[in-house]
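The values are calculated or read from the model by the stated rules, or taken from the named source; none is laboratory data. None of the values given here were measured: they were computed from a predicted structure. In this analysis, Cβ positions are derived from the backbone assuming ideal geometry, glycine residues included, and neighbour counts consider all displayed protein chains.
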Amino acid sequence: MPLQQTPFYRSHLADLHQALLAHEITQTYLTGTRVRFDGVELRPTNSFDFAFGTLSTLEFVHLFSVFDGSRVHGQAERRPGRDDAPPGMYFTVINAKVIQAGHKNRLGIFSEETGTAGLFRTLTR
């Protein structure tokens, strides 16, 4: 089931999102291929359930900037993190070809006090 688009998305982000999806880099390197999630290779038919809705593999890799060939680890955080990350579901992305050696991207999704979803990103070592 596709996510319902908010008025803000339609008025401010829809055109930018479509341009991003049409970009050569997205179509070449953010296709969801050779991505391992907690040791299992993702397939186009996989889905990810969140409080705000369900994401397909392609939507997941786009939202969390998971370039092809990445390894991803998911972990629920129940308390604020050392990096001030709010409690939520976090994904650590490792890809030595895209992310500087020895570093990892950590991106998470959490519920705002207003009831909407928020994103949090850090670069870790």
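Summary table
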read-out: Test for PHE120: is it under 18 Å from SER47 (Cα atoms), among the aromatic types (Phe, Trp, Tyr) and in contact with a strand residue (DSSP E or B) (Cβ under 8 Å, 6 or more places away or on another chain); value: no
read-out: Qualifying residue in the range 100-122 (condition: surrounded by 15 or more Cβ atoms within 10 Å (Cβ to Cβ) and not in a strand (DSSP E or B)); value: no
read-out: Matching residues in the range 96-112 - criterion: being over 21 Å from ALA76 (Cα atoms) and at pLDDT 85 or above; value: ALA96, LYS97, VAL98, ILE99, GLN100
read-out: Residue in the range 99-117 that is of a type in the set (Asp, Glu), at negative phi and in contact (Cβ under 8 Å) with a residue 24 or more places away in the chain present; value: no
read-out: Number of positions in the range 79-90 that are exposed (fewer than 15 other Cβ atoms within 10 Å of the Cβ) and within 17 Å of LYS104 (Cβ to Cβ); value: 2
read-out: Search result, residues across the range 1-55 that are under 21 Å from LEU119 (Cβ atoms) and small (Gly, Ala, Ser); value: SER11, ALA14, ALA19, GLY32, SER47, ALA51, GLY53
read-out: Condition met for VAL93 (of a type in the set (Val, Ile, Thr), buried (at least 16 other Cβ atoms within 10 Å of the Cβ) and under 24 Å from THR124 (Cα atoms)); value: yes
read-out: Qualifying helices (runs of 4 or more DSSP H) (wholly inside the range 1-78; at least 2 residues being surrounded by 14 or more Cβ atoms within 10 Å (Cβ to Cβ), of a type outside the set (Lys, Arg) and at pLDDT below 95); value: 24-29, 57-63
